[in-house]
Amino acid sequence: MFGESPVLSICTSCRDGREAVDGSRGGTRLAQSVVSQLEVRTATELTLRGVQCMSQCKRPCIASLSGYSRFTYVFGDIDPENTEQVDALFELVVRFRIAPEGFLSRRDRPEAMRSNILGRLPPLGSNSSLVKPLSTLSAG
């Protein structure tokens, strides 16, 4: 199902505290914002998917970026009404595509996504200097 294009996953069940006012969950509104932007950003190649729950309820709204043999990133505290953060998700995809193994240091990520990171997971078989077999670490 997933090829070479990055996969942006958005938790559609995240609550952002505005459900009573806006009539839908924050995660659903974030997904709708991204879908709307994707329609006008036809040059952005990505696979977009909604996930019923990404188990980060204390840091809503949640999005992750992943790809085959690439790092996976998880971001939280994304405000679906903040166009700067929604735009930053698309910029993140562009940078992720061209980076070796999709590795993005803090300074390589769009500013609006620097403090929102919840995790950066290396791909299996990664060549990154960040990954070391535990058997090579000294016990002392």
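The values are calculated or read from the model by the stated rules, or taken from the named source; none is laboratory data. Here the structure is a predicted model, which is why all the values come from computation and not from measurement. Note that each Cβ is placed from the backbone with ideal geometry, even for glycine, and that neighbours are counted across all protein chains shown. Just so you know, the surface numbers come from the protein's heavy atoms only, side chains and all, with ligands and any DNA or RNA stripped out. Shrake-Rupley method; radii C 1.70, N 1.55, O 1.52, S 1.80 Å.
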Among the residues of the range 29-44, is there at least one that is surrounded by 15 or more Cβ atoms within 10 Å (Cβ to Cβ) and within 24 Å of Pro122 (Cα to Cα)? yes
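Residue by residue, here is whether (1) in contact with a Leu (Cβ under 9 Å, 6 or more places away or on another chain); (2) among the β-branched types (Val, Ile, Thr); (3) at negative phi; (4) in contact (Cβ under 8 Å) with a residue 60 or more places away in the chain holds:
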{"site": "Leu8", "(1), (2), (3), (4)": "yes, no, yes, yes"}
{"site": "Arg15", "(1), (2), (3), (4)": "no, no, yes, no"}
{"site": "Glu19", "(1), (2), (3), (4)": "no, no, yes, no"}
{"site": "Gly23", "(1), (2), (3), (4)": "no, no, no, no"}
{"site": "Ala31", "(1), (2), (3), (4)": "yes, no, yes, no"}
{"site": "Val34", "(1), (2), (3), (4)": "yes, yes, yes, no"}
{"site": "Gln37", "(1), (2), (3), (4)": "yes, no, yes, no"}
{"site": "Thr47", "(1), (2), (3), (4)": "yes, yes, yes, no"}
{"site": "Val51", "(1), (2), (3), (4)": "no, yes, yes, no"}
In the range 91-112, residue surrounded by the most Cβ atoms within 10 Å (Cβ to Cβ) [restricted to those that are closer than 21 Å to Leu38 by Cα and of a type in the set (Lys, Arg)]: Arg109
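Would you confirm, using the coordinates I've provided, whether Ser115 is farther than 23 Å from Ser5 by Cα, open to solvent by 30 Å² or more (accessible area, probe 1.4 Å) and of a type in the set (Gly, Ala, Ser)?
yes
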